[in-house]
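Structure first, then comments.
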Amino acid sequence: MATACSIRVRGVVQGVGFRPFVYRLAQANALTGWVLNGDQGVEIHLEGAEKDLAAFVREMQTKPPAAAELNEVEVGPAPCEGLSEFTIRESERRDRPTVCVSPDLPICEECLAELFDPSDRRCGYPYINCTNCGPRYSVILALPYDRPNTTMRQWPLDDYCSAEYHDPANRRFHAQPVACPECGPLYSLHEEGATVDDGKGAIDKAAQLLREGKVVAIKGLGGYHLACDARNPESMADLRERKFRKEKPFALMAKDLETARNLVHLSSDTEALITSIPRPIVLAPRKQELTGVAPGNDELGVMLPYTPLHHLLFASGAPDVLVMTSANRSSEPIAYEDDDALARLSGIADAFLMGERSVARRVDDSVARVGAFGPMILRRARGYAPGAVAMLPAKRPILALGADLKNSITLVVDGQAFVSQHIGDLDHYPAFRAFEETVADLISMYDVRWDDLLVAHDCHPQYASTTHAFGLPVVKRYAVQHHRAHVASVLAERGEWEETVVGVSLDGTGYGDDGTIWGGEIFVGSVERGFERVAHLRQAALAGGDAAAQHPVQAAVGFLSQIDGLPDLAAAPFHFGLRYRGALRLIERDVRVFSTTSIGRFFDAAAALLGFVRQTTFEGQAAIWVEQLARSSPPLDAYPFPFDGHQLDFRPLLGAMIRDRIRGRSTSEIARAFQLGIARGLCSAIKIICEERGLKTVVLSGGVLQNGLLLEDLKPLLGAAKLRTWINHAVPPNDGGISLGQAALAAFQEGRINGASYA
Ligand code: ZN
Ligand code: FE
């Protein structure tokens, strides 16, 4: 006697080989019925013996395809239709889609084997893929995920590919981007506006140019890379000069794991991260010095090949370590359209390795690192985006626009929070355009109506994202304070809405409730009830406001002017120079002077005292410099950083640094005592607040947490105080995570406004 059931699966279940998996599983359990891609995930109807149905459900949940993520499985009874076979039905589109779009996937082992098998039709074919691997988000034009809705729609399948595509037993069954050299897109090589080679010849020639030290623009999954030989200092110098990129580290691609192991120290956790499905760029301590790759930096950012093309390039004799940096001029978004790439990169690239498949949207490489509290994402893009990172109790769709630096946006549909890829710094116009495109893209992909939408944005009145929010035709807008959003982003990842925590935001810049620049803030509260600011870094004057972020000396002045008996900082050993006097004059006259509690600027002040007195050339440079200086000394002592119940006082700390500098103590020892002082001071403040209020959980977020040493110092201190500590894992602790925190706080604000209960 057959029974029937219906199953709805939500999560990352489209484009990851889920339907063929279901098909095979149904066959194996002698079940009939059907499966289809619906708007909200995968829908399954099954008929057969009770025990076989149970076995199916069990196995589906325990052994799904590697790239699938099952967030919700709903099993219910269904009328038995007496079906005689199991089929895959056409996708249905009924209402607003809320299915998760799969991020792009790295080439799988089976495709890799075929890629180098001379007897295989797709041997050497750079677009080989299957249901377990290949492009997803970067080729999807609309939902549901079917070939006519991808950038592969212009290449009809030939008989060979079509047979595989329609064979439920085949690995390429319904693999939407499937193609072969006979019917699919190809790569070609271009120099000086002319096509010089195509097919395999193009890849061989590109590898040869790279060996010769040339810079080659290579079209990848989410846009173009600029590649060159990382072991060739002249190529490196050329690339830096042409890209107008003075010192910011370049990302590397190592030929294989063995090569990566020789480049950087890989712990087992770091190795797990670098080989994980998103294949991020992983930051790790370097073993080898590569001139010009990451000047003055003890870490290298390394990733492994993730597309068939990368593997083919290395197999064709490309240098075993390549610089693989986003193809753009400094601070522009990555180029992803061919004409745009040719126009913008001429003068940077000597040649272009161009593929015919178009990129649906730009997606940069992601950046991650393993720290004291586990893996941390620093830039969330390819391989992660646009995955849902949280379920919010929001009945209305929410669009959260993030912050202006390291912008990302979050769209909440049916409670699922989809976080976009990293977009960039919106004060650059091309990045602002990319922001507008990404907003429009996500809104149309999920078919959200503007008049149904709540928008969350930063409180900063001058942010481009804030201005944009006010131009949108939405029902409601909700301004979320920057540092509360940082703290809420951690809680949103974990779905902790009611837990009252001590939330610590250690950050560079954010607009505070009082209109001053915040960045060293301690809150108490929960996402549900909101966060009260209970303590902060002692206020300092900031000459020139946010502009001081590029000049450690300028940032230092306001902190140092509060120190009694300050020596002449223009003289040795400080050499602060002209900018110091200029900034001092601004503060004396109170012209363009802002008030700040920013820990990020406090790190800049420390950097200036330790000798970093020039202008920075990329964001966070001075703080990274301090951390690396500190790492070269063991922890000997900690400078005092006292807490009076409301403020952390930086004056004793800076006073001690100045004394030790004049005494001639080594700068690395001073940097180490500074970092440990910050950690101890923060921890004692957190302990006092927790004891006063009977709290046990601490949340840490903000861009300053990219300082790995600070986390290493904080972990044992907080552990000894028996405090549970949460940090970001799914979104970055920097402003790339702001939009998620905004969405979470807006969801609950919305609940309060409407008096709705989300219990
Ligand atoms: Zn594959
Ligand atoms: Fe921030």
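Just a few scattered comments:
- For segment 643-666, the residues whose amide N sits under 15 Å from a probe point set 7 Å from the Cα of residue 691 along the beta carbon direction are 643-646.
- Computed from the C-beta positions of residue 183 and residue 89, the FRET efficiency with R₀ = 22 Å rounds to 0.30.
- Surface share of carbon and sulfur [accessible, 1.4 angstrom probe, percent] for segment 536-726: 51
- Annotation: peptides 375-386, 459-470, ranked by per-residue average of other Cβ atoms within 10 Å with the highest first, follow the order 375-386, 459-470.
- Chain lengthening between residue 588 and residue 198 when straightened (0.36 nm per residue, less Cα-Cα): 133.8 nm
- Entry comment: accessible area of the chain is 37 Å² per residue, from protein heavy atoms only and a probe of 1.4 Å.
- Entries of 219/255; 205/248; 406/715; 395/476 with Cα pairs more than 21 Å apart: 205/248; 406/715
- Taking 0.36 nm per residue of sequence separation and removing the Cα-Cα distance, the residue 259/residue 113 pair yields an extension gain of 50.6 nm.
- Cα gyration tensor category, rounded, prolate or oblate, for segment 264-414 with a/c compared to 1.5: oblate
- Cα gyration tensor of the chain - equivalent ellipsoid semi-axes, whole Å, descending: 46, 33, 22
- Secondary-structure-derived ellipticity at 222 nm for the chain, considering helices only, amounts to -10000 deg cm²/dmol, per-run term -39500 (n - 2.57) for DSSP H runs with n ≥ 4.
- Extending 7 Å from Cα along the Cβ direction at residue 476 and again at residue 120 yields two label points whose distance is 5.3 nm.
- Gyration tensor verdict on segment 585-680 (Cα atoms; rounded if a/c is under 1.5, prolate if a/b is larger than b/c, oblate otherwise): oblate
- Ignoring aspartates and glutamates fewer than eight residues from residue 696 along the same chain, the ones with Cα atoms less than 12 angstrom from its Cα are 499.
- Amide H within-cut-off set for residue 150, under 5 Å, with H built and near neighbours excluded: 141
- FRET efficiency estimate (nearest 0.05) - Cβ-Cβ, residue 331 to residue 721, R0 35 angstrom: 0.25
- Simple spin-label estimate for residue 241 and residue 72 in nanometres, 7 Å along Cα-Cβ: 5.8
- Taking amide hydrogens as placed 1.01 Å from N in the peptide plane, the amide H of residue 534 sits under 5 Å from those of 522, 523, 524, each at least 5 positions away in sequence or on another chain.
- Accessible surface of segment 276-365, 1.4 Å probe, proportion on carbon and sulfur as whole %: 46
- Net charge in the neighbourhood of residue 219 (other residues with Cβ under 13 Å of its Cβ; Lys, Arg +1, Asp, Glu -1) is -3.
- Using C-alpha pairs under 8 Å with a sequence gap of at least 6, the mean separation divided by the residue count of the chain gives a relative contact order of 11 percent.
- DSSP-defined beta bridges in the chain - what % are antiparallel, rounded to 5: 75
- For peptides 205-214, 724-733, sequence by mean Cβ density within 10 Å, most packed first: 724-733, 205-214
- Note on residue 51 and residue 276: the model spin-label points, each 7 Å out from Cα along the C-beta direction, lie 4.1 nm apart.
- Label point at residue 665 placed 7 Å out along Cα→Cβ; residues across segment 598-637 whose backbone nitrogen lies under 11 Å: 636-637
- Within segment 618-692, none of the trypsin sites (Lys or Arg not before Pro) combine a DSSP coil assignment with at most 10 other C-beta atoms in a 10 angstrom radius.
- Relative contact order [Cα under 8 Å, 6+ residues apart], segment 3-88, whole percent: 49
- Helix runs (DSSP H) in the chain reaching 20 Å along axis by Cα, Kyte-Doolittle at least -0.5: 429-445, 667-693, 738-754
The values are calculated or read from the model by the stated rules, or taken from the named source; none is laboratory data. Predicted model, so just to flag it, every value in this text is computed and none were measured. Note that each Cβ is placed from the backbone with ideal geometry, even for glycine, and that neighbours are counted across all protein chains shown. Quick note on the areas: whole protein, heavy atoms, side chains included, nothing else; ligands and nucleic acids left out. Shrake-Rupley method; radii C 1.70, N 1.55, O 1.52, S 1.80 Å.
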